[in-house]
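Colleague: I am attaching a structure below and will ask some questions about it afterwards.
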Amino acid sequence: QVQVVESGGGLVQPGGSLRLSCEASGLDFNNYGMSWHRQAPGKERELVASITRTGGSTNYADSVKGRFTISRDDSKRAVYLQMNMLKTEDTAVYYCNARWRFSSTRQYWGQGTQVTVSS
């Protein structure tokens, strides 16, 4: 069974840092592009960052460029999101997504991890 699990969320003050982790199992990890999405209360889910299956290309939402870094470690079947200089507007539930390289019809979501940025 495919399982995608996020961890690392929590409460942090503005300007602080957090590192989110996502571990995937039950799939051929090397054939999946990975991404992080977030959803704040009353708002639609948005793409935050993505990374290709090879790790050779990354993309970021304009709102997080220069502050967030996505990376992957195939040996650990994991993807990470390093978040620096956090702002209150970064508060949201963060979700990990695994997308099969052959088709978007095969993709899996984690349960989400809460990130709260508050003084």
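The values are calculated or read from the model by the stated rules, or taken from the named source; none is laboratory data. Please read these numbers as outputs of a predicted model, since none were measured by experiment. FYI the Cβ positions are ideal-geometry reconstructions off the backbone, even for glycines, and counts take in every protein chain you see. Surface accessibility is based on the protein's heavy atoms, side chains included, excluding ligands, DNA and RNA. Shrake-Rupley method; radii C 1.70, N 1.55, O 1.52, S 1.80 Å.
Colleague: If I ignore ligands, DNA and RNA and count only protein heavy atoms, how much of Thr54 is accessible to a 1.4 Å probe, in Å² to the nearest 10?
Modeller: Roll a 1.4 Å probe over it and Thr54 shows about 110 Å².
Colleague: Something else: Under a plain spin-label model, where a point goes 7 Å from the Cα along Cα-to-Cβ, how far apart in nm are Thr52 and Lys76?
Modeller: 2.3 nm
Colleague: Here's something else I'd like to know. Roughly how much of Glu23 is accessible, in Å² to the nearest 10, using a 1.4 Å probe?
Modeller: In the full protein context, Glu23 sits at about 120 Å².
Colleague: If the cut-off is 15 Å between C-alpha atoms, which aspartates and glutamates fall inside it for Lys43, apart from same-chain ones fewer than 8 positions away?
Modeller: Qualifying aspartates and glutamates at Cα under 15 Å: Glu89, Asp90.
Colleague: So if we plug the beta-carbon distance of Asn30 and Gln111 into 1/(1 + (r/R0)^6) with R0 = 22 Å, what FRET efficiency do we get, rounded to 0.05?
Modeller: Once rounded, the FRET efficiency stands at 0.40.
Colleague: Let me ask you something else. May I ask you to derive the FRET efficiency for Ser103 and Thr69 from their Cβ-Cβ distance with R0 = 30 Å, giving the value to the nearest 0.05?
Modeller: 0.60
Colleague: Of all trypsin sites (Lys or Arg not before Pro) in segment 23-89, which ones are in loop regions per DSSP and have a Cβ with at most 11 other Cβ atoms within 10 Å?
Modeller: Lys43, Lys65
Colleague: Now a separate question. How about Lys76: which lysines have a C-alpha closer than 25 Å to its C-alpha, ignoring those fewer than 8 places off in the same chain?
Modeller: Excluding near neighbours in sequence, the set is empty.
Colleague: Something else now. So how much slack lies between Arg45 and Asn59, counting 0.36 nm per residue of separation and subtracting their Cα-Cα distance, in nm?
Modeller: 3.4 nm
Colleague: Using a 1.4 angstrom probe, figure out how much accessible area the chain has per residue, in square angstrom, rounded to the nearest whole.
Modeller: On the way: 6430 Å² over 119 residues.
About 54 Å² of surface per residue is accessible.
Colleague: Evaluate the Debye formula for the chain with equal point scatterers sitting on the alpha carbons, no solvent, and hand back log10 of I(q)/I(0) at q = 0.17 Å⁻¹, in q order, two decimals.
Modeller: Treating every Cα as an identical point scatterer, log10 I(q)/I(0) equals -0.78.
Colleague: Once you have the alpha carbon radius of gyration of segment 1-49, what is it after dividing by 2.2 N^0.38 Å, with N set to its residue count?
Modeller: Relative to the rule-of-thumb radius for its length, segment 1-49 sits at 1.39.
Colleague: Quick check: net charge around Asp74, other residues with Cβ under 11 Å of its Cβ, Lys/Arg +1 and Asp/Glu -1?
Modeller: Value of the local net charge: +2.
Colleague: Let me ask something additional. Determine one quarter of the surface area of the Cα convex hull of segment 51-100, which equals its mean projected area, and express it in nm² to one decimal.
Modeller: The directionally averaged projection comes out at 4.1 nm².
Colleague: Which ³J(HN,Hα) values, rounded to whole Hz and listed in residue order, are derived for segment 37-43 from phi using the Karplus coefficients 6.51, -1.76 and 1.60 in 6.51 cos²θ - 1.76 cosθ + 1.60 with θ = phi - 60°, glycine and proline given as x?
Modeller: 10, 9, 9, 9, x, x, 10
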